[in-house]
Amino acid sequence: MKKSDMIFFVVISLLSRQAFATASKVIYGSDDRIEVYQSENELHKLLALSTAAKILKRATGDEGEYFEIRGGNLVERFNYCPTERFTQQLLSANCSGFLITEDILVTAGHCMTSRFDCEAFYWVFDFRLGDNGENVTHVPKSSIYKCSEILEQEYDPHNEYFENDYAIVRLDRPVTDRAPVKVRTQGKVEDNTKLMIIGHPVGLPTKISNNAWVRENSHFLYFYSNLDAYGGNSGSAVFDAQTGVVEGILVLGEDDYEKDPVRGCNVSKVCADDECNGEQVIRITSVPLKKYLN
């Protein structure tokens, strides 16, 4: 391996581990993550088009009308056991985000903490498996955007009391080939509402995860759910599964994995649907979006 390649893989691994350690997630009940092409819900598939992956520019290569997307896999990067799901898929995403206007994207605040996050990463739509299940290695240049500026951001890891966690990002040009998502602008999600998440768990190509609900709904800033999510899902939109309206941003949860004591490799941590702490979701109404939506 070339020295430059070794440096690249070390950098992307450290960045991924940092993002995942900040906001680990877990499987609740059965693993409900599916590929976009596997979904039978046309609304969910449409919403997936407006989901973007934060990918290090060094993890891409210019190939004419396409960018090659590079990265390792779960076994190489995180010592996952080969029997785990998705182990042969490409890992490149560092966080997830979603389009709210033609040129504004929302993600978690801990995903965009500095100008470096704006300058060193692309926001990539269509980082997903093909309709026949083929692994993704190239994405059209038309689906890749730069961060023009971080309009607003809130996240303080040193605050003893948990505060907000969001970032509002302006892209370098309008997105004209897909529609922004709809977001709740007032009130709050009802108890036990069925939820769905779309994003990039552990940096994988886009996954849709359904069959979850609001578990705890008392805090003014966030609620808890039993969404199947991992690090890399940070910044993912959490949708009302029936209406497709965004209810919040996935930011925090249980640890992703635990070590298999016999094999010495990692397996996904699994909790019952009503056990463990639940996945923390910042209410979308806690994010100052009205000025950009009007």
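Values quoted throughout were computed directly from the atomic coordinates according to the rules given, and no laboratory measurement underlies them. Here the structure is a predicted model, which is why all the values come from computation and not from measurement. Because the Cβ atoms are built from the backbone with ideal geometry, glycine has one as well, and the counts that use them run over all protein chains shown.
Values for this structure:
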| item | result |
| --- | --- |
| Global form of the stretch 53-212, assessed from the alpha-carbon gyration tensor, a/c cut-off 1.5 | rounded |
| Simple label model, 7 Å out from Cα along Cβ direction - Arg263 to Ala179, nm | 4.3 |
| Sites Ser114 and Glu163 - FRET efficiency at Förster radius 22 Å, r taken between beta-carbons, to 0.05 | 0.80 |
| Cβ-based exposure ranking for Phe116, Phe86, Phe121, in which fewest neighbours within 10 Å come first | Phe116, Phe86, Phe121 |
| Ranked packing of 263-270, 141-148, 196-203, most packed first, by mean Cβ within 10 Å | 196-203, 141-148, 263-270 |
| Total charge dipole magnitude, the chain, about the Cα centre, Cβ charges on Lys, Arg, Asp, Glu only, Debye to nearest 20 | 660 |
| Share, in percent, of DSSP beta bridges within the chain that are antiparallel, nearest 5 | 95 |
| Cα centroid separation - the stretch 103-123 against the stretch 274-294, whole Å | 17 |
| Dipole magnitude of the stretch 157-294, debye to nearest 20 (Cβ charges: Lys/Arg +1, Asp/Glu -1, about Cα centre) | 780 |
| Cut-off under 5 Å, modelled amide H: who pairs with Tyr80 long-range | Val75, Asn266 |
| Amide H partners (placed H, <5 Å) of Phe121, local residues excluded | Lys57 |
| Lys/Arg +1, Asp/Glu -1 at C-beta; the chain dipole; positive extreme among Ile284, Tyr257, Gly61 | Gly61 |
| FRET efficiency, Leu221 to Ala272 (Cβ-Cβ, R0 35 Å, nearest 0.05) | 0.85 |
| Positive-pole candidate from Val139, Thr193, Tyr122, dipole of the stretch 83-224, charges at beta carbon | Val139 |
| Cα-projected label distance for Asn132 with Tyr37, points at 7 Å along beta-carbon direction, nm | 0.8 |
| Lys, Arg +1 and Asp, Glu -1 on Cβ, resulting dipole of the stretch 21-144 about Cα centre, debye, nearest 20 | 500 |
